[in-house]
Structures are given as structure tokens and as C-alpha cells.
Amino acid sequence: MTTAREPSATAAPATPSDAPSVHGDEAWSPRLWGTLIVLCAALFLDALDVSMVGVALPSIGTDLQLSTSTLQWVVSGYVLGYGGLLLLGGRAADLLGRRQVFLVALAVFAAASLLGGVVDDGGLLIAARFVKGVAAAFTAPAGLSIITTTFAEGPARNRALSIYTVTGASGFSLGLVLSGLLTSAGWRWTFLMPVPVALIALAFAFQLLPRQPRPPRGSAGYDIAGAVTGTGSLLLLVFTVTEAQSAGWGSLRTIGSLVLVAALAAAFLVIEQRTAHPLVRLGIFRNGGVARANLTALALFGSYAGFQFIATLYLQRLLGWTALEMALAFLPAGALVALSATKMGAIVDRFGTGRLMVLGVLSLTLGYALFLRLDEHSGFATLVLPSMVLLGIGFALGFPSVNIAATNGVDDEEQGLASGLVNTAFQVGSALVMAAVTAVITAGSGGGESAAAQLDGYRPALLLVTGISLVGFVVAAVGVALERRKAPVAVPDYDYARTAAEAPAAAEVLTKG
């Protein structure tokens, strides 16, 4: 779904220091590889943290004596900070400098990880998780936009983004496996393990990340009103859907919060249309590829997060698997994603992001559909493994393609915005689908603990996940169809030299005739 790049009418011309410096036919220097590895390490830690803490929750609750309603905020606190502030993080990278934002945020991430591993109070642990999520909301779009402004659009960027995004997907997939191993040694290790990795990445980042000039103070304004309303609406949305299960979807509190979310979102749209320097330039969505990539991202990551939640409950509660056994069951999907890292760039160049998004989301949908065969006696080989293989293929194809499509055709000064948008789609999709899946499981099971009652909750929740993934497939497929209709008709190359050489002979034949 690669689109032609159109320069903005108001964009400043690129300078030699901020224009993409690496093209597809150039060899990458050791320094450039080091830069990419540092950015990959930060994204790996972000994704790892999203999935790793889940397995440790029972141990955390027992050790810190936290209730179930309080314990869920160990996860939700991170999601709230991450999903709510991604747009602000992306725009801050554009306005304050991508390198500066990345370095500061990575340092905060390391400090918050250390705090989370040593505290003995549930409130402090949740606060540390929220701060950690906020830091990730700044490192993720800053890192992605550093790549998109360093590597020129085309083969070079596709290769770099494929390695980068597959690393993130691997972190999310392998987080379950690592958490199973670390939790057996003590839940605090799930928080402490990222600290040395983050500090090492930070040390190399100071040396390797390209220095890019900060925009002059007068070159762009700061959309304070847009930042307040946009960030506020996202924070409140994530908070509302997270709390809706305990408060009740029909409660006055939930309905009132959703009304306030709608009011803040409407105010944000009005502000962005009228301000001279918007936080989110709404015209970016006129790029059909960007808009469809964000919708596909929401369905892709949301459906996977919902499936992982269902599968975790099913394998541990109903089948009685241990945390480590359950984590190892997800290993085939994570391994497939990790092994594809160095190959995806060439695959994207050959087949294009559009077709790979279609195939990726289709593979995910089939994996979810196969898991609908779950029962009280399902085994790894007959149920889990086939689904995991399909999910691994789907994530390997879909995740890099979505990220590439979401940043293609976007001017360099808005790469932070584009990166923030697609990451926001991932996190908001995860929060919304998780809330919906939890509600469906609770309603279907009726609170029963028997195997039959649990299955009555899991099956409709899986149908919901499959349906959401199918919507993503339709969006991606429509994009491919539209791109084909827009594609210019191929005209065979005309050999002017040969024609010129043959013209006298042709003229002689015509004359004699």
C-alpha cells in the first residue's frame, strides 16, 4: 500500500542534516546498525512490559496483599500512561527534537522500572507503572520517527522498519515466556530485568543517535488547548473502558465518562481545524494509506490482545497449565515473528504493504477461528499449536506492514505525529477489545467456575475477537482494491533508438510500394 510521497505545501525544505541519508542501494555502516539496534532495544522493552507483567500478577497480589480490583491497575496503569499520551509523545518528538525526547524518556523508563522492582506498596507500584507507560509513550514514536527520517522511503526504510517492528512484536510475544521464567524466581525480577538493558541502550544512544537540529522557536507553535483536550480524551477513554467492568457499562459513572470523552474529542477536532499549529494535522488522514493502516492496526493488535487474554485464562484456569507451560505454548508464535526479522524488508519490497497486511490479518483471523474448537480436553498439538503457527505468520506479515504503511507518504516533520498515531491505534485497540472481551466472558459464564460455564464465556469472546480481526481484514482488502484502481496503466517501454534506426528502411519500403 505504498503511496507516492507528496511534499506539503507549507513544509520547510529538508536540510542536509535532517533529510533521509540512507537509500536502498547503500550499505549500512556499523554506526547505522548500532543506531537501529539501540532503537530496537527500547521498543523491545516497551513491548515486553506490556505482556510480561500479566503472568506475575497472582504473585504480586499475594505478596503485596492487593485486591483483584487494585491488582488490575498494575496492568491498566501502564496502558493508561502509554495509550493516553502517545499523540503528545509523537508531537513532542517533532517539536522538541527526536533524539532529546528519546534519551530523556528512556532514562525515565529505566528509573520507573527500578522503582517498580523495589517498592513494597501497591499504590507506589501502580504509580511506577503509570510513569513507565508515559515514558514508553515518548520513546516509541520518537524511535520510530528517527528511523523514518534516517532511512529514505522505499527499500532502505522498509528493511529498517521491518527489523524494528518485528523486534517489538517479538518482545510482546516472548514477554510471556520470559515472565514465566522470571516469576518462578520472584515477581520483582519482571520489573528489574529491563533496568540494565535500558541503561546499556541509553549509554549507546548518547553516542549513536543522529543529532538533528531542533526547529527554531518561531517555526512552530505549541497547541496547548489541543494537547489538553486530545490527551485528556484519550486518557479518559482508556480509564473508562478499563473501569467499566467493575463500575458497570450501564452505570451513571461509565455513561457520564463516555459523554465527557465525546465532548473532549469534539472540542479537540474543532481546535485542530482552527489552530495554526495543530497537535494533529487532520489533513494527514487524507492519505488513504495512513488512515487504513491505523484502522487495521486497531483491529490487528486489539484482536491479538483479546485472544491472548482468553487463551491465558483458558489454559491456566480450565486446563490447569502452569504459568511456564502456558508461556511456552505461545513460543511458536514468538519464534516465527523473531525469525522473520531480517527477511521482512525484502518481502515488503517484493509484495507491497497492502497485500501483506491482507495476508497477515487473514492469517490471524484463521488462527482465532481454529481456536474456537476449544473444549475441556484440548491438547497442545491439536488446538494450540496450529493457532500459534497462524498467529506467528500473521503477526510477522501484518505488524511491520502496518507500521510501514502508516508512515509512508508523510513529510519528515510529521513523522513523529504519524508514529504516535499508529502506536495510539495499537494501544487504544488493545484497551477497547480487552474491556469488551472481559465483559463478554463475564456475561457468558454468569460467574460460574465449572468447565461448562467457563467455555460458555470463552467461546463468544473468541467469536468477538475473530469478528474484530475480520473487520481489519476487510479494511486492508478494500485498501488493496482501491490502490489497484488508482494504479496507472502500464505502458510498454518504447525503443526510440531502434525505431530511429529502422525508420529509413521503413520509408524505403513504403516509397517502393
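Residue check: Arg99 meets all listed conditions (1) under 27 Å from Leu208 (Cβ atoms); (2) among the charged types (D, E, K, R); (3) not in a helix (DSSP H, G or I) but one, namely (3).
Screening region 421-466 for residues that are among the charged types (D, E, K, R) and assigned to a helix (DSSP H, G or I) and picking the one that is modelled with the lowest pLDDT gives Asp456. Here Asp120 clears all of (1) of a type in the set (D, E, K, R); (2) open to solvent by 10 Å² or more (accessible area, probe 1.4 Å); (3) assigned to a helix (DSSP H, G or I) except the condition numbered (3). When Phe239 is tested against (1) modelled with pLDDT of 90 or more; (2) among the hydrophobic types (A, V, I, L, M, F, W, C); (3) open to solvent by 30 Å² or more (accessible area, probe 1.4 Å); (4) under 27 Å from Ala105 (Cα atoms), exactly one condition is not met: (1). Against the condition within 30 Å of Gly354 (Cβ to Cβ), at pLDDT below 80 and either more than 24 Å from the chain's Cα centre (by Cα) or not in a loop (DSSP other than H, G, I, E, B) (or both), how does Leu234 come out, does it pass? In short, yes.
So that you can scan it fast, the table gives a plain yes or no per residue for (1) open to solvent by 60 Å² or more (accessible area, probe 1.4 Å); (2) modelled with pLDDT of 90 or more; (3) not β-branched (Val, Ile, Thr):
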| residue | (1), (2), (3) |
| --- | --- |
| Val471 | yes, yes, no |
| Val475 | no, yes, no |
| Arg484 | yes, no, yes |
| Tyr496 | yes, no, yes |
| Glu502 | yes, no, yes |
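Can you find a residue in region 257-278 that is under 21 Å from the mean Cα position of the chain (by Cα) and buried (at least 21 other Cβ atoms within 10 Å of the Cβ)? No: region 257-278 contains no residue that is under 21 Å from the mean Cα position of the chain (by Cα) and buried (at least 21 other Cβ atoms within 10 Å of the Cβ).
Does any residue of region 135-145 turn out to be assigned to a helix (DSSP H, G or I), open to solvent by 10 Å² or more (accessible area, probe 1.4 Å) and either of a type in the set (A, V, I, L, M) or within 13 Å of Ser419 (Cα to Cα) (or both)? Yes; the residues of region 135-145 include at least one that is assigned to a helix (DSSP H, G or I), open to solvent by 10 Å² or more (accessible area, probe 1.4 Å) and either of a type in the set (A, V, I, L, M) or within 13 Å of Ser419 (Cα to Cα) (or both).
Quick check: anything in region 373-387 at pLDDT 85 or above, open to solvent by less than 50 Å² (accessible area, probe 1.4 Å), farther than 30 Å from Arg281 by Cβ and touching a Gly at 6+ places or on another chain (Cβ under 7 Å)? Within region 373-387, one or more residues are at pLDDT 85 or above, open to solvent by less than 50 Å² (accessible area, probe 1.4 Å), farther than 30 Å from Arg281 by Cβ and touching a Gly at 6+ places or on another chain (Cβ under 7 Å). The residues in region 343-353 that are assigned to a helix (DSSP H, G or I) and surrounded by fewer than 24 Cβ atoms within 10 Å (Cβ to Cβ) can be counted, and the count is 6. Can you say whether Ala418 is at pLDDT 85 or above, buried (at least 21 other Cβ atoms within 10 Å of the Cβ) and over 20 Å from Leu313 (Cα atoms), as far as the supplied structure shows? Considered against the rule, which asks whether it is at pLDDT 85 or above, buried (at least 21 other Cβ atoms within 10 Å of the Cβ) and over 20 Å from Leu313 (Cα atoms), Ala418 comes out as no.
The values are calculated or read from the model by the stated rules, or taken from the named source; none is laboratory data. Bear in mind that the values here come from a model prediction, so they are computed numbers and not experimental data. Counting neighbours? That spans all protein chains shown, and the Cβs are built from the backbone with ideal geometry, glycine included. With ligands, DNA and RNA removed, areas are computed over all heavy atoms of the protein, side chains included. Shrake-Rupley method; radii C 1.70, N 1.55, O 1.52, S 1.80 Å.
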